[in-house]
Amino acid sequence: MLKIGVLASGRGSNFQAIIDGINNKEIDGRIVVLITDNPSAMAIERAKNNNIPVSIVERKNFSIREEMDIEIKRILDKNNVDLIVLAGYMRILRAKELLDSYRWKIINIHPALLPSFRGEQAQKQAFEHGVKVSGVTIHFVDETLDGGPIIYQEPVYIGDCESAEEVSERILKREHKALKKVVSSFAKGRYIVEGKKVKFVPNGA
Ligand code: GRF
């Protein structure tokens, strides 16, 4: 069974999607810890409702940014996680120790078709750019901003959306399904990363 650690900063609807996927047996795994940088994140309530341990790691308690990531690494190590999911975690992981020891074990969900519209408010960026198609990307996390090897992408038509909020809502529904699918795949095989290319190898193959 896959031991999953989730990092989230806010609402946590993607975190909830993973919880739901586990509860309905779509995902053969267990969330062993939720780590958040925001003590008022709604994700904390969701964790409590599902008996998932919560660790709050706040930026203000560390004089150096990297030390915050080292504390996160310590919590992940202690919980023996196999997979780390950034589900609306609004900080960039910077510490080399963390990235090196969890290489190709950290994934992020991004609400656009990368490499278009990296960074924050990707849905607003896409809406303002007037693109007709945006989407969902799930990728491995590396040292770059939203630039790690891409695991999964799905297009979402947004050409008739009348606001950035409408774009966000439409994409979010697809994020939840995509994230469940990708997280569940980690229990069914492994990913090989060669350069920018990612290949899935099913168990037993
Ligand atoms: C999602 O749109 C996700 O793609 C992005 O941040 C948002 C988080 O939403 N990285 P939620 O907290 O999962 O509801």
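The values are calculated or read from the model by the stated rules, or taken from the named source; none is laboratory data. Predicted model, so just to flag it, every value in this text is computed and none were measured. In this analysis, Cβ positions are derived from the backbone assuming ideal geometry, glycine residues included, and neighbour counts consider all displayed protein chains. The protein model used for the area step is the full one, side chains on, heavy atoms only, and it has no ligands, DNA or RNA in it. Shrake-Rupley method; radii C 1.70, N 1.55, O 1.52, S 1.80 Å.
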Practice problem: Kindly provide the set of residues from region 3-35 that are within 16 Å of the ligand (Cβ to nearest atom), part of a helix (DSSP H, G or I) and either of a type outside the set (Ser, Thr, Tyr) or in contact with a strand residue (DSSP E or B) (Cβ under 6 Å, 6 or more places away or on another chain) (or both), ordered by number. | Solution: Asn14, Phe15, Gln16, Ala17, Ile18, Ile19, Asp20, Gly21, Ile22
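Give region 120-138 a look and list any residue that's open to solvent by less than 20 Å² (accessible area, probe 1.4 Å) and either away from the ligand (no atom under 12 Å from the Cβ) or touching a helix residue (DSSP H, G or I) at 6+ places or on another chain (Cβ under 8 Å) (or both), or say none. Explain how you work it out, then say what you get.
Taking region 120-138 first, the residues open to solvent by less than 20 Å² (accessible area, probe 1.4 Å) are 122, 126, 134-138.
Scanning region 120-138 gives Ala126, Ser134, Gly135, Val136, Ile138.
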Exercise. Test Thr144 against the criterion of being free of Cβ contacts under 8 Å to residues at least 12 places away in the same chain, open to solvent by less than 80 Å² (accessible area, probe 1.4 Å) and more than 23 Å from Asn24 (Cβ to Cβ), and give yes or no.
Key: yes
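Residues checked against (1) touching a helix residue (DSSP H, G or I) at 6+ places or on another chain (Cβ under 9 Å); (2) under 24 Å from Ile84 (Cβ atoms):
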position: Arg103; (1), (2): no, yes
position: Ile106; (1), (2): yes, yes
position: Pro111; (1), (2): yes, yes
position: Ser163; (1), (2): yes, no
position: Ile171; (1), (2): yes, yes
position: Ser184; (1), (2): yes, yes
position: Lys188; (1), (2): no, yes
position: Lys199; (1), (2): no, yes
Exercise. Among the residues of region 184-199, count how many are of a type outside the set (Lys, Arg) and more than 22 Å from Thr144 (Cβ to Cβ).
Key: 4
Practice problem: Just need a number here: residues in region 30-54 that are surrounded by fewer than 13 Cβ atoms within 10 Å (Cβ to Cβ) and over 16 Å from Ala17 (Cα atoms). | Solution: 2
Practice problem: Scan Asp77, Asp100, Asp69 and give me the residue that is more than 23 Å from Arg170 (Cα to Cα) and open to solvent by less than 30 Å² (accessible area, probe 1.4 Å). | Solution: Asp69
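Look through Pro149, Pro155, Pro202 and report the one residue that is away from the ligand (no atom under 12 Å from the Cβ), under 19 Å from the mean Cα position of the chain (by Cα) and surrounded by fewer than 13 Cβ atoms within 10 Å (Cβ to Cβ). Steps first, answer last, please.
On the way: Pro149 fails: surrounded by fewer than 13 Cβ atoms within 10 Å (Cβ to Cβ); Pro202 fails: under 19 Å from the mean Cα position of the chain (by Cα).
Only one candidate passes the filter, namely Pro155.
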Quiz prompt | Selected residue (criterion: surrounded by the fewest Cβ atoms within 10 Å (Cβ to Cβ)) from residues of region 55-66 that are closer than 19 Å to Ile31 by Cα and of a type outside the set (S, T, N, Q) | solution = Ile56
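What are the residues in region 173-192 that are aliphatic (A, V, I, L, M) and open to solvent by less than 30 Å² (accessible area, probe 1.4 Å), if any? Spell out how you get there, then give the answer.
Initially, region 173-192 is screened for residues aliphatic (A, V, I, L, M), giving 178-179, 182-183, 187, 192.
If the condition is that a residue be aliphatic (A, V, I, L, M) and open to solvent by less than 30 Å² (accessible area, probe 1.4 Å), then Ala178, Leu179, Val182, Val183 are the ones that fit.
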